[in-house]
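**Q** Pasting a structure below so you can have a look.
The values are calculated or read from the model by the stated rules, or taken from the named source; none is laboratory data. Source: prediction; values computed, not measured. Backbone-built Cβ (ideal geometry, glycine too); neighbour counts: all protein chains shown.
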Amino acid sequence: MANPVHIGKLALRSRVLVAPMSGVTDLPFRRILLRFEPGAVVSEMIAGEGLAKDEPENVARAAGGAGIDPMAVQLVGRDPHWMAAGAMKLEAAGAALIDINFGCPARKVVTGLSGSAMMREPGLARDIVAAVVSAVSVPVTVKMRLGWDHDSLNAPRIARDAVDAGAVGITVHGRTRCQFYKGRADWAAVRPTVEAVDVPVFVNGDIACADSALAAMEQSGADGVMVGRALIGRPWALPSIMAAVDGLLPPAASTAAQKARHAVDHYREILDFYPRAKAVRIARKHLVGYAEEAGLSDSDMRRQRLARSDDPDEVLSLLATLFADAKRDAA
């Protein structure tokens with residue numbers, strides 16, 4: 001990669017990062033995504049206070065495990081003390097990067113005055129960043145939205161304050177909190193934040209392929225991209241996006257056999273990580289994604305079985321031939 005990006009002391013192997021997604025970028029999916037060697041795969045958000053108090057669910061979410069390099073974890077919360085305490089636990093567990101969540105629009109998070117609600121409290125947001133930076137020696141970054149709504153597009157101010165407090169990287173999703181995921185991400189609206197700070201800025205939102213990644217970078221002026229929902233069911237989309245963003249030759253497309261191997265391995269990782277009943281339930285969003293990637297319609301019996309089956313053996317059998325069968329069906 002020409003002109004590699006550094007996040008503080010951490011040299012990224014790609015300008016493409018994978019976004020933290022609640023209930024999605026758990027340890028099993030991170031292991032699959034890291035096979036493609038993006039710059040980093042950020043964990044789903046973890047409550048700083050819960051982590052500091054060793055609540056089992058938060059500890060499990062933060063688990064690094066074999067093959068997680070770099071270990072990048074996102075913290076969410078509104079209390080500087082607990083956010084700092086959680087960050088210290090993450091560093092002790094091997095985290096190489098800690099990201100602070102000022103962007104989640106989910107109602108349950110915002111009701112707790114965390115996530116994108118912090119865009120309305122710039123003073124407290126700065127205090128949180130300063131507390132986390134002071135507590136750890138690893139790089140600290142911040143992910144945010146354009147603002148709470150279109151009357152308060154204050155991402156540049158939040159970013160400047162965060163950098164002044166010691167943050168060494170910023171990601172901006174090109175929507176406001178009030179938009180949730182409606183409409184299209186406004187990549188050009190990220191440019192004022194890029195111009196406001198002297199640290200790497202990544203643009204996020206609606207980036208699904210090489211062309212959209214390049215368009216997002218051109219319109220925003222960002223140093224790289226963060227890809228999220230487009231990878232559900234298609235983690236192998238990463239290499240082509242990375243090649244475009246990093247200035248490399250386009251890779252060969254994944255074969256049906258390679259896709260099947262990744263999907264089967266992903267399902268096995270889920271079964272190994274969670275208790276069986278929970279694993280079967282958690283896997284379904286990914287299984288539906290794989291079915292969609294294979295081109296199966298809602299009425300296709302294979303898709304329906306993947307979405308409903310409680311039998312891991314049946315699911316593994318379906319995944320093993322899913323993409324080859326879909327290719328034959330299209331012929």
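**Q** What is the residue count in region 173-201 for residues that are more than 22 Å from A117 (Cβ to Cβ) and among the aromatic types (F, W, Y)?
**A** Count: 1.
**Q** For region 22-80, which positions are polar (S, T, N, Q) and free of Cβ contacts under 8 Å to residues at least 60 places away in the same chain?
**A** Once the filter is applied, which keeps residues that are polar (S, T, N, Q) and free of Cβ contacts under 8 Å to residues at least 60 places away in the same chain, region 22-80 yields T25, S43, N58.
**Q** Still on this structure, I have one more. Could you go through region 199-212 and let me know if any residue there is touching a helix residue (DSSP H, G or I) at 6+ places or on another chain (Cβ under 6 Å), in a loop (DSSP other than H, G, I, E, B) and more than 28 Å from W236 (Cα to Cα).
**A** Checking region 199-212: at least one residue is touching a helix residue (DSSP H, G or I) at 6+ places or on another chain (Cβ under 6 Å), in a loop (DSSP other than H, G, I, E, B) and more than 28 Å from W236 (Cα to Cα).
**Q** Within region 152-162, is there a residue that is over 16 Å from V129 (Cα atoms) and not polar (S, T, N, Q)?
**A** yes
**Q** Here is a follow-up. Mind checking which pairs have a first residue in region 97-118 that is on the phi < 0 side of the Ramachandran plot and hydroxyl-bearing (S, T, Y) and a second that is crowded, with 20+ Cβ neighbours inside 10 Å and in a helix (DSSP H, G or I), Cβ under 9 Å, 6 or more apart or different chains?
**A** Close Cβ pairs (under 9 Å, with a partner that is crowded, with 20+ Cβ neighbours inside 10 Å and in a helix (DSSP H, G or I)) amount to T111/A117; S116/V109; S116/R177.
**Q** If you take the residues in region 72-120 that are among the charged types (D, E, K, R) and closer than 21 Å to D26 by Cβ, which one is surrounded by the fewest Cβ atoms within 10 Å (Cβ to Cβ)?
**A** Among those that are among the charged types (D, E, K, R) and closer than 21 Å to D26 by Cβ, it is K108.
Residue-wise test of (1) among the aliphatic types (A, V, I, L, M); (2) assigned to a loop (DSSP other than H, G, I, E, B); (3) crowded, with 24+ Cβ neighbours inside 10 Å.
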position	(1), (2), (3)
R13	no, yes, no
P20	no, yes, yes
T25	no, yes, yes
P28	no, no, no
G50	no, no, no
N58	no, no, no
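**Q** If you don't mind, there's one more thing I want to ask. Go through region 238-331 and tell me which helices (runs of 4 or more DSSP H), entirely inside it, have 2 or more residues that are under 23 Å from the mean Cα position of the chain (by Cα) and not charged (D, E, K, R).
**A** Per the criteria, 238-246, 256-273, 276-293.
**Q** I need the full set of residues from region 140-172 which are part of a helix (DSSP H, G or I) and under 12 Å from M119 (Cβ atoms), in order please.
**A** A155, P156, R157, I158, A159, D161, A162
**Q** Applying the selection to region 213-233, what residues are assigned to a helix (DSSP H, G or I) and either surrounded by fewer than 19 Cβ atoms within 10 Å (Cβ to Cβ) or out of contact with any strand residue (DSSP E or B) (no Cβ under 7 Å at 6 or more places or on another chain) (or both)?
**A** Hits for region 213-233 are L214, A215, E218, Q219, R229, A230.
**Q** Still on this structure, I have one more. Please work out if R261 is surrounded by fewer than 17 Cβ atoms within 10 Å (Cβ to Cβ), among the basic types (K, R) and farther than 23 Å from F36 by Cβ.
**A** Here the answer is no, as R261 does not meet what is asked.
**Q** Please work out if R120 is more than 15 Å from H173 (Cβ to Cβ) and either charged (D, E, K, R) or at pLDDT below 85 (or both).
**A** Judged against the criteria, R120 is a match.
**Q** For residues that are of a type in the set (V, I, T) and out of contact with any Lys or Arg (no Cβ under 9 Å at 6 or more places or on another chain), scanning just region 158-191, find the one that is nearest to Q74 (Cα to Cα).
**A** Restricting to residues being of a type in the set (V, I, T) and out of contact with any Lys or Arg (no Cβ under 9 Å at 6 or more places or on another chain), the top hit is V163.
**Q** Also, I was wondering about something else. Would you confirm, using the coordinates I've provided, whether T171 is farther than 20 Å from P80 by Cβ and out of contact with any His (no Cβ under 8 Å at 6 or more places or on another chain)?
**A** So T171 fits the description; yes.
**Q** Here's another thing I want to ask about it. Among the residues of region 30-48, which ones are assigned to a helix (DSSP H, G or I) and either closer than 26 Å to Q258 by Cβ or not assigned by TED's automatic domain parsing to the domain that holds A93 (or both)?
**A** Selection gives R30, R31, I32, L33, L34, R35, F36.
**Q** Identify, from the list V140, V136, V163, the residue that is assigned by TED's automatic domain parsing to the domain that holds V225, modelled with pLDDT of 95 or more, within 20 Å of the chain's Cα centre (by Cα) and hydrophobic (A, V, I, L, M, F, W, C).
**A** Being assigned by TED's automatic domain parsing to the domain that holds V225, modelled with pLDDT of 95 or more, within 20 Å of the chain's Cα centre (by Cα) and hydrophobic (A, V, I, L, M, F, W, C) holds for just one of V140, V136, V163, which is V140.
**Q** Right, here's the next one. Is one or more of the residues making up region 242-258 surrounded by 15 or more Cβ atoms within 10 Å (Cβ to Cβ) and hydroxyl-bearing (S, T, Y)?
**A** Yes; the residues of region 242-258 include at least one that is surrounded by 15 or more Cβ atoms within 10 Å (Cβ to Cβ) and hydroxyl-bearing (S, T, Y).
**Q** What are the residues in region 187-198 that are part of a helix (DSSP H, G or I) and of a type outside the set (D, E), if any?
**A** Result: W187, A188, A189, V190, R191, P192, T193, V194, A196.
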